[in-house]
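The structure appears below as structure tokens.
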2 protein chains.
Amino acid sequence: MISQTGQYALRACVYLVQQAGDAACSGARIAGRTGIPAKYLSKILGDLVHVGVLDATRGKGGGFRLRRPPTDIRLLEILSPFESSLRDDTACPFRHGECSSRSPCPGHDQWRIVKDGFRNFVQDMTLAAIATSSAPARTAPLRKGRRT
Amino acid sequence: MISQTGQYALRACVYLVQQAGDAACSGARIAGRTGIPAKYLSKILGDLVHVGVLDATRGKGGGFRLRRPPTDIRLLEILSPFESSLRDDTACPFRHGECSSRSPCPGHDQWRIVKDGFRNFVQDMTLAAIATSSAPARTAPLRKGRRT
DNA sequence: ATGACTATAAACCTATCTTTATATCGTCAT
DNA sequence: ATGACGATATAAAGATAGGTTTATAGTCAT
């Protein structure tokens, strides 16, 4: 449901939150602790720099760090560079072309509940919420069935 | 959320239900009507024969047809040959190893609601339900949050 | 009637292209 | 010089296409 790459991105960011605060964290270090293949992770982290989730500083003592506080980063932001289904609104999987909200195919509504469940999850859940080992700390309540 | 291939499989089966009943339908015909690349579809349909969803007869007048009544076929059956996430139970996307139902990470429960929503959908929804153009005709009610 | 021919259609095998996952090398900062 | 990011190449998987083989059913001449 979430691609390997997407999961790597999430896990790396979670680690950065836990490693909290001060110094930057090298890619190699994150890879070691999270069990993600080091070289591949470096590419992923690079993408997260491009979209503005991470900051990178090179050279000795450099590494990656979150650009904004984790309470302000939604999972959607971390995942969307890697999950095409989150970027372009995928069409109805049951019909060829002619299936919209206006003339829905059977199953359309039920499917949207599922799809929206996923989308709302990554859209409302913050990085802080999944990283803090304490209480759920849900910043925004999950609302279901929001119509598009 | 559902792979291209999985969507093709669903759409082809839906077409077979609509084309209802009697004669077998050639792969080329299905491809033409559903807009699915013909050669690729033939491979997909072959897979669906292997798992017992479809019957195939060769030669003139041959083609594909459903092996069982569509009210008896769950979407899960059609999708599982193509969606690895439906076959092997994917682990928690937020943590490395140590995250179970017993010691859940934050976000674990919310994520399971989303994941179960998807799984229950494909598990409960029948092919007939998404193919009949009339009322939803939901055979089994969707239950949510069933714990594993 | 019956064998041969032909049209039809699935099955199979391989080749290409795109996306995803991974490794190698180069570049920059201290 | 060394630690660490960055861009580029390779590998594997998913998606697509081409062509050949095999099986079946109808047709047609003898």
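A few notes on this one:
- Largest to smallest principal axis extent of the C-alpha atoms in the protein assembly as shown, angstrom: 72, 36, 35
- Entry note, the protein assembly as shown: the mean residue ellipticity at 222 nm calculated from DSSP H runs of n ≥ 4, each adding -39500 (n - 2.57), is -13000 deg cm²/dmol after division by the residues and rounding to the nearest 500.
- Taking the fewest neighbouring Cβ atoms within 10 Å as the starting point, the ordered list for B:42, B:101 is B:101, B:42.
- Angle of helix A:4-18 to the longest C-alpha principal axis of chain A, folded into 0 to 90 degrees and rounded to 10: 50°.
- Averaged over B:125-132, number of beta-carbon atoms from partner chains that fall within 10 Å: 4
- Relative to the longest principal axis of the Cα atoms of chain A, the long axis of helix A:38-50 lies at roughly 70 degrees.
- Shielding by partners, peptide A:102-111 (average Cβ within 10 angstrom, other chains): 5
- Between the stretch B:49-66 and the stretch A:23-39, the alpha-carbon center distance in angstrom: 51 Å
- Taking 7 Å steps out from each Cα toward its Cβ at residue A:55 and residue B:88 produces label points 3.9 nm apart.
- Relative counts (whole %) of C-alpha pair distances in chain A, using bins that are 10 Å wide: 10, 36, 29, 16, 7, 1
FYI, it's all coordinate maths here, none of it is from the lab. From a predicted model like this one, the values you see are computed outputs, not experimental measurements. Using ideal geometry, Cβ is built from the backbone for each residue, glycine included, and neighbour counts are taken over all protein chains shown.
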